[in-house]
Amino acid sequence: MKILIILPNWLGDAVMATPAIELLTNYYPRAELTFVGSFVAIEALKYHPHCKNAIVDETKKAPNRIKATYELAKKLGSFDIAISFRNQVHASLLLKLTGSLLCIAKKSWHSMFLLSHTPTIKADKHLCKQYAELSMINTDAWDKITPPLKLYIAPKKFDKPTMGINAGATYGSAKRWYPERFAEVAREFSGRYDIIIFGGPSEVEMANEIESYLISSHVTNYTNLAGKTDIKELCSLIGGCSLFVTNDSGPMHVAAAYAIPTVSIFGPTKHTETSQWMNEKSAIVRHDMECAPCMRRECPLGHHECMKSITASEVIEAVRELNSDI
């Protein structure tokens, strides 16, 4: 059974697609998977034991994307099942051009025009369940149980209890809590945990700001790894943490995949759709507001109250409630 899977672009969304992938491989135990996706999605998921091929989709960079999509499709060949977790016209076109027997994508104008199976997937449930429903189109397996997130990258083994701090969120500034407040949380628990500051290449300045606050507070047992890890290292390091404090972000979902005790800070996004999936050791800090969730990259009203109103003491209390030993 050859299965093509077009992965979501964002790291967090790709991780949230892993329960659907587990359902597929459980249902088709001899499945050979081919992943196509963004660089970060491929780097996180290519270690799956059923993955036979993992290809970074670079058609967007081509002078003629339609031509590049056609060439990629011919390179891939046909499959028994081809599924797109990316609701985008070029993804639907790629499935169509492979000539695969069964092509599946969420119902949209382009998928209906191009593909054989386009179920209506209602956005009234967690994104993990939406992906699972799409993957199990001919069964009700997704509705019986959608399994936990799963990554096949071995977690790091630290010598001491370690707390991860993730102040970034690639989608936009509206999702980001404040560096000085992350630093206050880290300082509060630095006597019990070594601290790791995480962040992508575009989040180095923010991580450096957290570091400067820790230095001024005479905290020395920290490591600033912002911009210094690849995706595999990021997953491994997060997987080894004893505790994680984060915005709604890709690393938040990585932590969930390893069942790391996590406090997640939500502002403009829908916690009912993108909170940690099946992590019993998770807590959410958020405030109900008339303007949230707005799902905007930047605060459209300019006040950012959904995040500004969340205090460091609230997050510290959430950490204590999550871990009664602290």
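Every number in this text was worked out from the coordinates using simple rules, so none of it is lab data. Nothing here was measured: the structure is a model prediction, and the numbers come from that model. Neighbour counts are summed over all protein chains in view; Cβ atoms, including those assigned to glycine, are modelled from backbone coordinates with ideal geometry.
For E305 and A123, compute 0.36 nm times the residue count separating them, minus their Cα-Cα distance, and round to one decimal in nm.
Values: separation 182, 0.36 × 182 = 65.52 nm, distance 2.59 nm.
Here the answer is 62.9 nm.
Once Lys and Arg get +1 and Asp and Glu get -1 on their Cβ, which of F35, T98, Y70 lies farthest toward the positive end of the dipole of region 2-144?
Checked the options; the winner is Y70.
Would you mind checking K270/K308; K2/K150; K75/K106; K74/K270 for any pair whose Cα atoms are more than 27 angstrom apart?
Numbers: K270/K308 17 Å; K2/K150 21 Å; K75/K106 24 Å; K74/K270 38 Å.
Violating the 27 Å Cα-Cα cut-off are K74/K270.
Using a Förster radius of 41 Å, what is the FRET efficiency between E317 and K144 based on their Cβ-Cβ separation? Nearest 0.05, please.
Details: r = 37 Å, r/R0 = 0.89.
FRET efficiency, E317 to K144: 0.65.
Given points 7 Å out from each Cα along the Cα-Cβ axis, report the N53 to M112 separation in nanometres with one decimal.
3.2 nm
Counting other C-beta atoms within 10 Å, which of M295, M206 has the fewest, and how do the rest follow? Display every interim value, and only then the final one.
On the way: M295 13, M206 20.
Going from least to most buried by this count: M295, M206.
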